[in-house]
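First up is the structure itself, then whatever we jot down about it.
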Amino acid sequence: MKKLYVFLNNLTDISMGDVSADKAIPPSGYTANLTSFTAGAMAFLAVFAMALSLATGRLADRWSGELARTTTVRISAPEGQMQAQLDAVVNVLETTTGIASARVMTDDEQRRLLEPWFGPDLPLENLPIPRLVEVMEADIGPDMEGLRLRLSAEAPGAVLDDHTRWRRPLVVAANRLRSLGTIAILLIAGSTAAMITLAAQSALAANGQIISVLRLVGARDVYIARAFVRRFTMRALLGAIIGTTLGMIAIFFLPSAAEEGAFLTGLGFEGWYWMWPLLIPPLTALVAFWATRAAAFRALARIS
Amino acid sequence: MLQLQEAGFSYGGRDILADVSLDVAPGSFYFLTGPSGAGKTTFLRLCYQALMPTRGIIRILDRDVRGLEREDITQIRRRIGVVHQDCKFVDHLSMAENIKMPLQVSGRSSELDDASFHDLVSWVGLSARMNALPNELSSGERQRAALARAVVMSPDLILADEPTGNLDWEMAQKILRLLIELNKMGKTVIIATHDLQLIRMAKSKIPARVLRIANNKVQLAGADL
Ligand SMILES: Nc1ncnc2c1ncn2[C@@H]1O[C@H](COP(=O)(O)OP(=O)(O)OP(=O)(O)O)[C@@H](O)[C@H]1O
Ligand SMILES: [Mg+2]
């Protein structure tokens with residue numbers, strides 16, 4: 001409890017204390033600009049990693065949703081055998097592992113499917129049209145070859161249609177890209193922390209003389225650390241705001257394409273997802289805060 | 001105020017001070033003398049915990065220096081005013097900012113109003129130089145500014161390392177008068193110097209005692225000075 005109190009006390013000391021400590025440490029324009037530039041570049045990259053992650057996530061969701069509903073069994077049989085074969089097919093499907101459900105499409109549904117080609121007044125009953133069975137796959141789909149063999153044994157007129165099978169590896173790829181996007185964001189955060197640590201360390205080393213004077217006149221370590229922490233946090237925040245803004249503008253002006261648009265043009269934010277990149281500047285500031293704080297206290301512990 | 005019991009200090013095995021036993025009472029006035037390299041600065045650094053004794057016990061402001069945390073050291077330093085031999089200013093800040101720094105870093109800057117600050121700097125004769133940078137001051141001015149900074153917190157103990165080292169006799173007397181004035185206000189004062197003339201002048205005014213460092217020992221000198 002006491003530790004927590006001391007910790008919170010130090011935290012508010014650092015974030016809200018007076019600014020006289022900042023003055024005691026001379027400004028170093030070069031390091032400052034480098035820090036802002038790197039934080040900005042990292043934020044810019046983070047926007048794209050985030051867009052990639054969100055877009056591939058959307059793609060993976062949509063494709064896997066479609067996948068589950070894209071297998072059908074088509075049955076062509078003479079009038080007298082149709083019902084028997086239909087029953088046989090449904091029976092096979094329902095006893096196959098990897099299939100969630102199977103449903104014979106109604107005449108209405110089939111008419112609607114054929115409408116674009118034959119018009120609305122198609123007399124379905126009088127035509128030898130194959131019947132369709134819609135198959136809902138479970139998460140782990142069935143063994144398609146085995147199913148095909150069983151179907152042809154039980155119902156000679158049945159044909160298994162899984163023409164969108166090719167999408168399955170795409171879903172895996174999209175999911176993997178989403179994870180890679182997340183890893184990229186973590187790596188960017190890590191690099192930002194590393195870079196700010198190095199910059200803070202060099203600033204601390206360059207000001208060793210002043211630090212020892214501050215100590216001799218009775219400055220506490222938090223007071224000294226505060227000057228560095230505030231400075232690097234503000235620089236990183238500034239850079240990140242600029243980088244994030246540029247990244248969002250770049251993504252906003254990506255050409256958009258139709259719904260089926262290829263993966264590339266889907267790379268963007270939709271609706272309230274535009275809020276996500278706005279998290280980047282405050283998170284960068286947080287990373288800078290902790291990185292500088294850790295570097296400062298480590299350096300101050302070393303200087304006797 | 002300050003007690004040493006068989007305290008010793010060595011730099012990497014080389015003894016600088018050994019077997020020092022001493023009891024400095026509050027309100028007393030001490031000189032610390034000895035040839036260059038004898039260990040005067042080392043002694044003072046032990047007093048403000050820039051160094052820790054390698055042997056024996058040092059108690060300062062009723063605290064044993066062994067086992068002090070960094071935070072405790074900070075609190076003790078706020079009650080000690082030090083005039084360093086090389087002054088130690090922050091070079092890019094004005095003299096005014098440098099002199100106010102002890103208050104600033106301990107969050108007490110509001111305690112010093114402009115009038116008191118003006119009194120302080122005119123007391124050391126530097127009213128006109130407050131906007132200058134440390135490097136723009138003469139060494140005598142720097143030493144007076146260092147004294148102003150050492151007393152700005154109204155410390156209980158004042159440690160001055162060669163405060164008149166670079167000064168002519170006129171200026172040295174002026175600094176000494178300032179330190180005697182502080183002693184009369186109840187502060188304990190320890191001055192490291194090898195200026196015997198200065199010591200003689202002080203002894204003519206107040207009951208100052210003299211510690212001499214020789215052969216790593218600190219001894220109270222007799223009245224023969
Ligand atoms: N950091 C250090 N490492 C090793 N030896 C040191 C160090 N600082 C001082 N010394 C040695 O300790 C001895 C005492 O030094 P100190 O500075 O205390 O002398 P002093 O009495 O203040 O001399 P002066 O009158 O010249 O200021 C000297 O021999 C010096 O060389
Ligand atoms: Mg010395």
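Putting +1 on Lys and Arg Cβ atoms and -1 on Asp and Glu Cβ atoms, find which of B:132, B:145, B:84 reaches farthest to the positive end of the dipole of chain B.
Of the options given, the answer is B:84.
Tell me which of B:208, A:133, B:12 sits at the most positive position along the dipole axis of the protein assembly as shown, charges placed on C-beta atoms (Lys, Arg +1; Asp, Glu -1).
B:208
Enumerate by residue number the trypsin sites (Lys or Arg not before Pro) in region A:146-229 meeting two conditions: DSSP loop (anything except H, G, I, E, B), and at most 15 other Cβ atoms within 10 Å of the site's Cβ.
Qualifying residues, ordered by number: A:165.
Quick one: order B:21, A:36 by neighbouring beta-carbon count within 10 Å, fewest to most.
Listed from fewest to most nearby Cβ atoms, that is B:21, A:36.
At residue B:118 and residue A:170, where each label point lies 7 Å from the Cα along Cα→Cβ, what is the point-to-point distance in nanometres?
Label-label distance for residue B:118 and residue A:170, simple model: 8.2 nm.
Nearest 5 percent is fine: what portion of the DSSP beta bridges confined to the protein assembly as shown is antiparallel?
Rounded to the nearest five, the antiparallel share is 65 percent.
What ranking of B:87, B:47 emerges when the number of other C-beta atoms within 10 Å of each C-beta is taken as an exposure proxy, fewest first?
Ascending number of Cβ neighbours within 10 Å: B:87, B:47.
Relative to the compact globular guide of 2.2 N^0.38 Å, what is the alpha carbon radius of gyration of chain B, as a ratio?
Chain B yields a ratio of 0.99.
Please compute the contact order of region A:77-156 in relative form: average sequence separation of alpha-carbon pairs under 8 Å and at least six residues apart, divided by the residue count, as a percent.
44 percent
How much mean residue ellipticity at 222 nm does chain B get from its helices, if each DSSP H run of length 4 or more adds -39500 (n - 2.57) and you divide by all residues, to the nearest 500 deg cm²/dmol?
Here the helix-only value at 222 nm equals -10000 deg cm²/dmol.
Grab the beta carbon distance between residue B:219 and residue A:194, set R0 = 45 Å, and tell me the FRET efficiency rounded to 0.05.
0.20
When a footprinting reagent is the concern and you count Cβ atoms within 10 Å, what order do B:110, A:191 take, fewest first?
Lowest to highest Cβ neighbour count: B:110, A:191.
How fast does the protein assembly as shown diffuse by Stokes-Einstein, in µm²/s, taking the Kirkwood radius from C-alpha pairs at 37 °C and 0.692 mPa s?
109 µm²/s
For the protein assembly as shown, give the magnitude of the charge dipole about the Cα centre (Cβ charges: +1 Lys/Arg, -1 Asp/Glu; no others), in debye to the nearest 20.
Rounded to the nearest 20 debye, it is 3240 debye.
Within 11 Å, Cβ to Cβ, of residue A:105, how many net charges do the neighbouring residues add up to if Lys/Arg are +1 and Asp/Glu are -1?
Local charge sum for residue A:105: +1.
Return the subset of A:23/B:88; A:23/B:40; B:100/B:203; B:40/B:174 for which the Cα-Cα distance in this structure is over 24 Å, preserving the input order.
Where the Cα-Cα span goes over 24 Å, the pairs concerned are A:23/B:40; B:100/B:203.
What is the local net charge at residue A:87, summed over the other residues whose Cβ is closer than 12 Å to its Cβ (Lys, Arg +1; Asp, Glu -1)?
Residues close to residue A:87 contribute a combined charge of -1.
Extending each Cα 7 Å along its Cβ direction at residue B:68 and residue B:139, get the distance between those two points in nm, one decimal.
Each label point is offset 7 Å from its Cα along the Cβ direction, giving 3.0 nm.
Hey, got the dipole for region B:87-154? About the Cα centre, +1 on K and R Cβ, -1 on D and E Cβ, debye to the nearest 20?
Using only the charged Cβ atoms, the result is roughly 240 debye.
Applying the Karplus parametrisation 6.51 cos²θ - 1.76 cosθ + 1.60 with θ = phi - 60° to the phi angles of region B:91-99, what ³J(HN,Hα) value in whole Hz is obtained for each residue in order, glycine and proline being reported as x?
Couplings: 5, 8, 9, 5, 4, 4, 5, 5, 5 Hz.
Can you give me the Cα centroid spacing of region A:76-100 and region A:145-208 in angstrom?
37 Å
Looking only at Cα atoms, what is the convex hull volume of region A:77-156 per residue, in Å³?
Residue-normalised Cα hull volume stands at 102 Å³.
Express in whole angstrom the spacing between the alpha-carbon centres of region B:1-66 and region B:81-130.
Cα centroid of region B:1-66 versus Cα centroid of region B:81-130: 27 Å apart.
A short reminder: the numbers here are calculations on the coordinates, not readings from a lab. If you're wondering where the values come from, they're calculated on a predicted model, not measured in any experiment. In this analysis, Cβ positions are derived from the backbone assuming ideal geometry, glycine residues included, and neighbour counts consider all displayed protein chains.
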